[in-house]
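Encoded as structure tokens, the structure appears first; notes follow it.
The values are calculated or read from the model by the stated rules, or taken from the named source; none is laboratory data. Please read these numbers as outputs of a predicted model, since none were measured by experiment. In this analysis, Cβ positions are derived from the backbone assuming ideal geometry, glycine residues included, and neighbour counts consider all displayed protein chains. We work out accessible area using only protein heavy atoms, side chains counted, and drop any ligands, DNA or RNA first. Shrake-Rupley method; radii C 1.70, N 1.55, O 1.52, S 1.80 Å.
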Amino acid sequence: FNEYKPTEPRQGDAIFFYEKGDTLLDKETGQPFLWEQVCMFLKDVPLTYYFRIDEQCFFAASVVPEEVKNRTIPTSWTAFRTMQPEWMAFACITAHQLHGWYEAHQFCGKCGHRTQHDQVERAVRCPNCDHLVYPTISPAVIVGVTHGNRLLLTKYSRPGSYRNYALIA
């Protein structure tokens, strides 16, 4: 899954569209569009390869054609927590995170020139100063601390946050 091998989209591949922070999913299925559903509207639209799961590749379109916009439902990333199947929810949240990262790194932090997607790695490169930037990885850890048959839990103290007990994270 994490191997980066950009390719051209083909039948069965998923295409993501974004607008105002939302992922635009197919109104009928609640899933990303398939290439064969939208390819006729994307002839001159640049696509960004994101990743592959098994044989299905995932891409993002740089613009939302009007013909596609009418068939979408704006979806917040929080909706992916309950999306089915779970592997597609994982794909959607991963694509959303990559989209945000690419959006935030359109310009070089070193010299200010527009960056380009690297052709070999999942990174952006500045053609002016050759500065290379990779996506930030923010690992999370959750643990279960036991003592005999007892489990240590925490409770959030911040008002308005999650009110139940939770494992240590």
Residue in region 67-76 that is open to solvent by 70 Å² or more (accessible area, probe 1.4 Å) and part of a helix (DSSP H, G or I) present: yes
Filter pass, THR115 being more than 18 Å from the chain's Cα centre (by Cα) and polar (S, T, N, Q): yes
Search result, residues across region 64-77 that are at pLDDT 95 or above and within 25 Å of ALA123 (Cβ to Cβ): none
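Does TRP101 satisfy the condition of being open to solvent by 100 Å² or more (accessible area, probe 1.4 Å), of a type outside the set (Gly, Ala, Ser) and in contact (Cβ under 8 Å) with a residue 24 or more places away in the chain?
No; evaluated as a whole, the condition is false for this residue.
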Yes/no for PHE80 being open to solvent by less than 20 Å² (accessible area, probe 1.4 Å) and touching a Leu at 6+ places or on another chain (Cβ under 8 Å): no
Region 104-130 residues that are touching a residue at least 24 places away in the same chain (Cβ under 8 Å) and part of a loop (DSSP other than H, G, I, E, B), paired with ones that are among the acidic types (Asp, Glu) and open to solvent by 80 Å² or more (accessible area, probe 1.4 Å) (beta carbon under 7 Å, 6 or more apart): none
Any hit, region 60-70, residues being within 14 Å of THR94 (Cα to Cα), touching a helix residue (DSSP H, G or I) at 6+ places or on another chain (Cβ under 8 Å) and touching a residue at least 12 places away in the same chain (Cβ under 8 Å): yes
Residue within region 122-132 that is of a type outside the set (Asp, Glu), touching an Asp or Glu at 6+ places or on another chain (Cβ under 7 Å) and surrounded by 15 or more Cβ atoms within 10 Å (Cβ to Cβ) present: yes
Meets criteria (open to solvent by less than 50 Å² (accessible area, probe 1.4 Å), out of contact with any strand residue (DSSP E or B) (no Cβ under 8 Å at 6 or more places or on another chain), closer than 30 Å to CYS57 by Cβ and not acidic (Asp, Glu)) for ALA89: yes
Where ASP22 falls short, out of the listed (1) touching a residue at least 40 places away in the same chain (Cβ under 8 Å); (2) open to solvent by less than 30 Å² (accessible area, probe 1.4 Å): (2)
